[in-house]
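Take a look at the structure set out below.
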Amino acid sequence: MAKITTPKTKKRFSKRVKTELGEFKKNAPMTMLALPAIIVIFIFNYLPLYGLVLPFQKYSPALGVFKSPWCGLENFKFLFKTGTIWPAVFNTIAYNLVFLFVGTAMAVMFALLLYEMSNKAQKIYQTSLLIPYFLSWVAVSYILNTLLDVDHGMLNKILGLFGHEPILWYNEPKYWPVLLTLTNIVKNVGYNAVIYLAALTGLDSAYFEAAKIDGASKLQQIWYVSLPMIKPIIIVMMILSVGNMMRGDFGLFFNTTMNSPLLYKTTDVIDTYVFRLLIDSSDYGTSAAAGLFQSVLCFITIWRAMELLNIFSRITTL
């Protein structure tokens, strides 16, 4: 049945078109500013999506994506039957949980310490904490190597002064959960501390003055005033971090460990596993299947994190 149009509906439609055109013209300068970023995202995030067919193919570089034979779920069956991916999944989740809780606690602690300093001292220490964040993981790996080298490493030199034998750090997996956690905290704690410091700086000083009048000590002011006031920011940051729970920092786990095969037991995460699967075996289909599996897990965690964030925003607006 044909839709009946009346002069009234035509007038309403033309008015709506004029309004939308007016909004477009009004926002045109901002749209043009965002256009380069939109183009970059389209090229690097949307065009490569055709690669999602690789996990379902027996891919051959000679045949290309469109001529390689299909193999169904064979790549996924091989991936899960071998079972080599599960230790990487466990390590990814375990490390991210440790980074989440320990890193947040350290960042909040440093933010509280910086907040109590004078403006001059605060700038000096804040800059010192931020410097490691801007170093690449390659630079960090060589700095760490100067500490852990068997013959010339600073830690082995110190151990030698106390009569201990040098430790083969890059051969002993048991030390690396602690080493990786410390390295990650040193590199990222400054950036996260600045976020919490900004939240503390925005607090009304009247709360602290009232606490002083009531006889609260400095620790009591931190516990009963500072932490409760920045608790929403802490919760939001932790929920957002949950979205990356299934994604390991490739630079941290690949470069700082010097990709030592003896450390895979405690340092291998999904990202390094997929990379090694591709480089060592040139098994494009299985490595693509592992990457797709990780992407699905990341989607689920981000989805749940957004739901938690929505629930939290509703609670805070009550």
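The values are calculated or read from the model by the stated rules, or taken from the named source; none is laboratory data. Note that this is a predicted model, so its numbers are computed, not measured. Positions of Cβ are backbone-derived with ideal geometry, glycine not excepted, and every protein chain shown enters the neighbour counts. We work out accessible area using only protein heavy atoms, side chains counted, and drop any ligands, DNA or RNA first. Shrake-Rupley method; radii C 1.70, N 1.55, O 1.52, S 1.80 Å.
Points worth noting:
- First in segment 145-162 and in contact (Cβ under 8 Å) with a residue 24 or more places away in the chain, second anywhere and part of a loop (DSSP other than H, G, I, E, B), Cβ under 8 Å, 6 or more apart: 145/153; 145/258
- Test: residue in segment 222-233 that is under 21 Å from the mean Cα position of the chain (by Cα), under 28 Å from residue 306 (Cα atoms) and of a type outside the set (Lys, Arg): yes
- Matching entry among 280, 271 (being under 22 Å from residue 53 (Cα atoms) and out of contact with any Phe, Trp or Tyr (no Cβ under 7 Å at 6 or more places or on another chain)): 280
- Top-ranked residue of segment 234-287 - restricted to ones that are of a type in the set (Lys, Arg) and more than 20 Å from residue 300 (Cβ to Cβ), ranked as surrounded by the fewest Cβ atoms within 10 Å (Cβ to Cβ): 265
- Yes/no for residue 278 being within 30 Å of residue 143 (Cα to Cα) and modelled with pLDDT under 85: yes
- Residues that are open to solvent by less than 20 Å² (accessible area, probe 1.4 Å) and within 11 Å of residue 239 (Cα to Cα), drawn from segment 288-310: 305
- Which listed residue, of 50, 95, is of a type in the set (Ser, Thr, Tyr), in a helix (DSSP H, G or I), open to solvent by 70 Å² or more (accessible area, probe 1.4 Å) and out of contact with any strand residue (DSSP E or B) (no Cβ under 6 Å at 6 or more places or on another chain): 50
- Test: residue in segment 211-218 that is in contact with an Asp or Glu (Cβ under 8 Å, 6 or more places away or on another chain) and closer than 30 Å to residue 307 by Cα: no
- Boolean, residue 79 is within 17 Å of the chain's Cα centre (by Cα) and either open to solvent by less than 30 Å² (accessible area, probe 1.4 Å) or touching a residue at least 60 places away in the same chain (Cβ under 8 Å) (or both): no
- Criterion: at pLDDT 90 or above and over 30 Å from residue 274 (Cβ atoms) - qualifying residue of 34, 111, 88: 111
- Considering 207, 191, the condition of being without any contact (Cβ under 8 Å) to a residue 24 or more places away in the chain and either farther than 30 Å from residue 271 by Cβ or surrounded by 14 or more Cβ atoms within 10 Å (Cβ to Cβ) (or both) is satisfied by 207 alone.
- Residue tally, condition surrounded by 15 or more Cβ atoms within 10 Å (Cβ to Cβ) and outside any helix (DSSP H, G or I), over segment 131-165: 2
- All positions within segment 103-124 that are closer than 16 Å to residue 240 by Cα and either without any contact (Cβ under 8 Å) to a residue 40 or more places away in the chain or open to solvent by 60 Å² or more (accessible area, probe 1.4 Å) (or both): 105
- Among helices (runs of 4 or more DSSP H) entirely within segment 209-318, having at least 3 residues that are within 30 Å of residue 147 (Cβ to Cβ) and in contact with a Gly (Cβ under 8 Å, 6 or more places away or on another chain) singles out 270-281.
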